Structures are given as structure tokens and as C-alpha cells.
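**Student:** The structure's right below; bear with me while I get my questions together.
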Amino acid sequence: MARVSTRRIVLERTTALVVTILFLLPVCWLISTAYKPSNQIFSVPPRLTFTPTLDQFRAAFALFDVAALVRSSVIISLGTTLLSLLLGVPAGYALARSRSRYSAGFAYFFLAIRMIPAVAALIPFYLMMRDIGLLGSWWAVIVFNTMLNCAFVTWMMFSYFKALPPDMEEAALTDGCTQMGAFWKVAVPAVRSGIIACALFCMMFSWNDFLHPMFLTTLDAKPISVALLTAYGTKDITWGTLGALAHFSTIPIVLMALVMNRYFVQGATNGVQ
Amino acid sequence: MRTTFSDRRKIFLFLMAAPAVLYVAAVGLWPLAQGIGYSFYKYNLLRPARTQFVGLQNYVDIFADASTRTAILNTFQFTLFSVALQLVLGFALALLLWRDSRFNRIVLAFLLIPSTITPLVVGLIFKAMLGADYGIIGFFLAEAGIGPRTGLLTDASTALWVLILIDCWEWTPLMTLILLAGLKALPGDVLEAGRVDGATGWQRFHMLILPLMLPSIFLALTLRSMDAFRVFDSVFVTTGGGPNDSTNTLMMLGVKEGLQFFNVGFASAVGNVTLLFIALIATGLLLVVRRADVRINGK
């Protein structure tokens, strides 16, 4: 790129920084409510300064089994992610390597699954789970979310494998490698970053999901997202307690997205091309 | 020998794809097909004995009933305005962050936080901030006499617009990310040529960058419209579709009818209509993408 004046760069960066801070203010506000004493949350007029306290966290832990809620969220999102990768990565590979003229059509079919509005499939699925007795368990959510996510993983991995020249695998096959070996030892390591990006998207989707677990799980299996809604509907729970509880829902996923930002960006880039 | 290998290869690839295809068919397509079946019945789980075939009656009801018609219009209004606003804001931010530098990468990582946090929590944040009694924004707006006395989210004339703004807050960062990916993939030599030819900033933008970006723009629009059309979490927690159906959307309607009132027949019809609308929007936008692609790349 040609040289750009320093003044222009400073201007660009300041604007970007200010906009980003504006975008982050509501999040900071949420985090801060969790450290405010209840009487200062409900002060008139609302004020920005407060005496920090951990009371809201004590209340949250007293009212909710936070560890169990987080455990449910972890089980649901890890289960969904693992199953989706297990189904989606081989399928994406097969579609990318197949010479059939239907393979691209199949890939678009998997992308189209993304369009399904939950209500169209969720109600019959709810009845199906009720009939086979899985309703109320983690499994019901994992099974449904895996369907949505494995379709998405298949589509993403299809484009990752498509961008990978098949020469290496062909050489391995000629050298007497099995087909499974060529897939597992040659192709998969080459698209490692794509698989990580897929895993990140699956984790984010199922961790943040609340509509499906709200209707598919019972009290003892509910994840933190659903607990937040229950907490909100209860009269004696303050915004502060809610903010404390929200820490456990937002911080893990935000940290993960920040640490794995490179894969997040790469995954989105891949979705465009 | 050659043919046997190619046959074995075909079988291997078939077996690799089969589990995912079967899974999606069993867990996705089969319920969808059942939903189409249910939609022709008057079927309430609480009164299963009174189930009866009603043909297209459920669909007629969706379009005949004033409150469901409102839900359809609300969904379109929400999708159109929130996605349009996100596009403009997202594009501006993407242009700001285009230059590849450590600073910009870090800013982008933090900018993405609203799109990563739980959508339900987003609803809670804004519900708390906009409340006219104690909310940090709502209180001062009410004091200053701006907007309705009861708060922006509890007034039928403003609630949907507020939800649109909340959606923009949540998803503009993702729009920025997608458009930024498109910007970074632009051919550098073409842009350089524009600069050498002495084009001004604005000329470069609307004569070079914008046309080259059309495929990315439309793809981003497709992805975001599909999601916006299915908006649920933030509406559910902030307004629950009210006041007076003013923020009722198709997803809200379907979920309420199906999973709260157990009106399976009608809710299935709502779900199918939603799916149909989404398919139409996506197809329309993808056709535009293809046309833009042909015009630019000539393929």
C-alpha cells in the first residue's frame, strides 16, 4: 500500500477505538451491576459510582447451583461440538473429494439446513423426544443442536477441503496408505485450523443457545442460559444477582472467542469465499 | 486395477458422507416433514381427542387474522431495517479497520464481543438499561421527556425500533467481520491502479471498492437476513411480543402457539410459512449475488 499520512491513521484509529468502546459499554455496565449493592442499583437517579461488594455473587450462589448449571452448559456444548465434528468433517471431506456431479448440490443442501427456523422442526422433534423418552435430558438438546451444527460443519469443511489440493493424499494412497489413513493422517492435519474454527462456532452456538434447552430440558438438566431466564422471571432476584449469574454465561465464551480470535476471523472469512 | 480402486474410493467417500446425511435426514428433515403434516390438522396436545383434518385452514388463518398479519409485517420490518443499518455501520467499521495492523486486529477482537455473548443476556442488559424507573439510559430519557413515559420497550410505538437497535448493537460487529474478510480479499493491484490514476477517496469507494465488494455484501446480507428473520431470544426476554403485539414476530408467534399453548397444528403452519419466507429471501439475494458476480467477473 502507498504511504498514508500519520494524521489519517491516528484519526482512523481514534474513531475505531471510540466506536469499539461505545459498543462495549453495555457489557461493562452488566459486569459492573454484579458488584453493586442492591440499594445502589435501584437508586434514583441512577448513578455511575458505587461501593464494590461481592454480595450479589453470594446471592447468586445461594439461589442457584451455579456449578451444576455450568456443568450442563459444558456437557451440552462439548457433546454437540464433538458429535458435529465427528459427523461433519468426514462428510465435508467426502463431498469435496467426490467427483459426482451431485456433490456441490449436497453441500448447498447442508447449508440450507441453517435456514430452518426452530419452530418448524422443534415442535415435531419435541413430540418425537417425548415418545422415545429423551425429553428433559441433555441428550434431547445435543441431538437437535448436532443436527443444525453438523450441517454447518459439513458446509464449512467442504470449502476447506475443496481449497486443499488432493496431491498429497493421492501420493499417500500411491505409497500404499489406506483411504482412512490418507484422510486422517494427511488431509485432516492440513485443515486443522478449519476444524478449530468449526469447533469454535459449534461451541458458541450451543453455549449461547437457549430456545432449544428451554423446551427440551427439565430443571436438573438446564444450562445456564435457561437459568438466567428463570432468574429474571423471579420477583426477589435483583439485576445485580442476575449480573453475577450472567458472568458465568458470558465470560467463558467471550474469553474463548478472544483467545481463539484468529480462528474466529478465519472461519468468517471462509464463510464468505 | 484402476477401476477397482476408483470403485473402492467411491464406496469409501459414500460411507464417509452417509452418517451426516442420514443424521440430518432423521433429526432435521423428518421432523420438518411431520410439521408439514401437522399443519393440515387442528391439533392441540391438550385436546388430542379433538384433532381433525382442516386442510389449508391454518394457513388461511395466518394471513386472515389481524394479529398474525402484524407478526408477519413486524418480522419483515425488523429484518429490513436492522440488516440495512448493520450493513451501513458494518461497512463503515470494516473500512476503518481495513489496514492490517496489530492495533486493528486487537480492536476487532474486542469489537466482536457483542456478537459472542449470549443473546438472552443481550436482551437482559438492554431491558435493565432502558427501564424508565431505574435504568441508566431509560431514567434520563424519561427525565428529559424524550420518548414515552413508561420506557421505550413498553410503548407500542417505539418497542420494535428499540429491538432493531438492540439487534444492530449485537450483530453489526459480525457484519463488520464478514465485510472485512471481503475487503481483504480484494485484488490489491486494481485498487493501486485507481490510486495511481488519481481517483479521490470517494471515487475509489463507489467506483472500485463498492462494485468489487458486491458479492461479499450480498452474501453478508443473505446470512444476516436469514438470522434476523428468525429473531427470538432478544424479543422473548425484553418484550415477549408485546405491548399489543407490536413486537410480535413469526418466531415468537410460533413458539408461543406451539410450545406454550401446544397448538401444534397452527404453530407448524407458522413454522412452515417462516421457512418459506426465509427460503424466498435467501433465493432472491443469492440470485442477485450471482448476477453481480457475472457482471464483475464475467463468469
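The values are calculated or read from the model by the stated rules, or taken from the named source; none is laboratory data. The shown structure was predicted, so the numbers you read here are calculated from the model rather than taken from an experiment. Counting neighbours? That spans all protein chains shown, and the Cβs are built from the backbone with ideal geometry, glycine included.
**Student:** When you go through B:Thr75, B:Thr70 one by one, which is the residue that is out of contact with any helix residue (DSSP H, G or I) (no Cβ under 9 Å at 6 or more places or on another chain) and among the hydroxyl-bearing types (Ser, Thr, Tyr)?
**Tutor:** Result of the check over B:Thr75, B:Thr70: B:Thr70.
**Student:** Please go through the range B:249-283 and give me each residue that is in contact with a Pro (Cβ under 8 Å, 6 or more places away or on another chain) and more than 7 Å from chain A (Cβ to nearest Cβ), ordered by number.
**Tutor:** B:Leu250
**Student:** Which residue pairs have Cβ atoms closer than 9 Å, lie 6 or more positions apart in sequence or on different chains, and pair a first residue in the range A:71-100 that is more than 11 Å from A:Cys202 (Cβ to Cβ) with a second residue that is in a helix (DSSP H, G or I) and acidic (Asp, Glu)?
**Tutor:** Hits for this filter: A:Ser72/A:Asp220; A:Arg97/A:Glu169.
**Student:** Kindly provide the set of residues from the range B:143-154 that are buried (at least 16 other Cβ atoms within 10 Å of the Cβ) and in a helix (DSSP H, G or I), ordered by number.
**Tutor:** B:Leu152, B:Leu153, B:Thr154
**Student:** Restricting attention to the range A:203-222, report how many residues are within 12 Å of the chain's Cα centre (by Cα), among the charged types (D, E, K, R) and in a helix (DSSP H, G or I).
**Tutor:** Final tally of qualifying residues: 0.
**Student:** Go through the range B:168-185 residue by residue and tally those that are within 19 Å of B:Val88 (Cβ to Cβ) and either basic (Lys, Arg) or more than 9 Å from chain A (Cβ to nearest Cβ) (or both).
**Tutor:** Result for the range B:168-185: 6.
**Student:** Pick out the one residue from A:Ala171, A:Ala121, A:Ala227 that is crowded, with 17+ Cβ neighbours inside 10 Å and either touching a residue at least 60 places away in the same chain (Cβ under 8 Å) or within 30 Å of B:Lys10 (Cα to Cα) (or both).
**Tutor:** Among A:Ala171, A:Ala121, A:Ala227, only A:Ala227 is crowded, with 17+ Cβ neighbours inside 10 Å and either touching a residue at least 60 places away in the same chain (Cβ under 8 Å) or within 30 Å of B:Lys10 (Cα to Cα) (or both).
**Student:** Taking A:Arg71, is it surrounded by fewer than 16 Cβ atoms within 10 Å (Cβ to Cβ), part of a helix (DSSP H, G or I) and either within 9 Å of chain B (Cβ to nearest Cβ) or among the basic types (Lys, Arg) (or both)?
**Tutor:** On the way: surrounded by fewer than 16 Cβ atoms within 10 Å (Cβ to Cβ): yes; part of a helix (DSSP H, G or I): yes; either within 9 Å of chain B (Cβ to nearest Cβ) or among the basic types (Lys, Arg) (or both): yes.
Here the answer is yes, as A:Arg71 does meet what is asked.
**Student:** Can you tell me which residues in the range A:8-29 are closer than 14 Å to B:Arg99 by Cβ and more than 9 Å from every other protein chain (Cβ to nearest Cβ)?
**Tutor:** Residues satisfying the conditions are A:Arg8, A:Val10, A:Leu11, A:Thr14.
**Student:** Could I ask something else about it? Pick from the range B:201-232 the residues that are touching a residue at least 24 places away in the same chain (Cβ under 8 Å), part of a helix (DSSP H, G or I) and of a type in the set (D, E, K, R): which of them is nearest to B:Leu191 (Cα to Cα)?
**Tutor:** B:Arg224
**Student:** Something else: Quick one: in the range A:230-241, which of the residues that are in contact with a Ser or Thr (Cβ under 8 Å, 6 or more places away or on another chain) and either free of Cβ contacts under 8 Å to residues at least 40 places away in the same chain or in a helix (DSSP H, G or I) (or both) is nearest to the other protein chains (Cβ to nearest Cβ)?
**Tutor:** Checking each candidate, the answer is A:Trp239.
**Student:** Tally time: how many residues in the range B:158-200 are under 22 Å from the mean Cα position of the chain (by Cα) and acidic (Asp, Glu)?
**Tutor:** Summing the residues that are under 22 Å from the mean Cα position of the chain (by Cα) and acidic (Asp, Glu) in the range B:158-200 gives 2.
**Student:** Kindly establish whether B:Leu179 is in contact with a helix residue (DSSP H, G or I) (Cβ under 6 Å, 6 or more places away or on another chain), assigned to a helix (DSSP H, G or I) and at pLDDT 85 or above.
**Tutor:** Numbers: in contact with a helix residue (DSSP H, G or I) (Cβ under 6 Å, 6 or more places away or on another chain): yes; assigned to a helix (DSSP H, G or I): yes; at pLDDT 85 or above: yes.
The answer is yes for B:Leu179.
**Student:** Can you pull out the helices (runs of 4 or more DSSP H) entirely within the range A:100-192 that have at least 3 residues that are under 30 Å from B:Phe277 (Cβ atoms)? If you could, list the steps in order and put the result at the bottom.
**Tutor:** Numbers: elements: A:103-113, A:118-132, A:138-162, A:167-174.
Where helices (runs of 4 or more DSSP H) fall fully within the range A:100-192 and carry at least 3 residues being under 30 Å from B:Phe277 (Cβ atoms), they are A:103-113, A:118-132, A:138-162.
**Student:** Just wondering, is there one or more residues in the range B:166-182 that are surrounded by fewer than 18 Cβ atoms within 10 Å (Cβ to Cβ) and out of contact with any Gly (no Cβ under 7 Å at 6 or more places or on another chain)? I'd like the intermediate steps shown before the answer.
**Tutor:** First pass over the range B:166-182, keeping only residues surrounded by fewer than 18 Cβ atoms within 10 Å (Cβ to Cβ): none.
So far as the range B:166-182 goes, no, none of its residues is surrounded by fewer than 18 Cβ atoms within 10 Å (Cβ to Cβ) and out of contact with any Gly (no Cβ under 7 Å at 6 or more places or on another chain).
Yes or no, residue by residue, for (1) closer than 30 Å to B:Pro148 by Cβ; (2) more than 9 Å from every other protein chain (Cβ to nearest Cβ); (3) modelled with pLDDT of 85 or more:
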site: B:Ile166; (1), (2), (3): yes, yes, yes
site: B:Trp202; (1), (2), (3): no, yes, no
site: B:Leu210; (1), (2), (3): no, yes, yes
site: B:Ser225; (1), (2), (3): yes, yes, yes
site: B:Val235; (1), (2), (3): yes, yes, yes
site: B:Gly240; (1), (2), (3): yes, yes, no
site: B:Asn244; (1), (2), (3): yes, yes, no
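**Student:** How do the helices (runs of 4 or more DSSP H) wholly within the range B:27-142 filter down when requiring 2 or more residues that are within 12 Å of chain A (Cβ to nearest Cβ): which remain?
**Tutor:** Details: elements: B:30-38, B:57-64, B:66-96, B:102-111, B:113-116, B:119-130.
By residue number, B:30-38, B:66-96, B:102-111, B:113-116, B:119-130.
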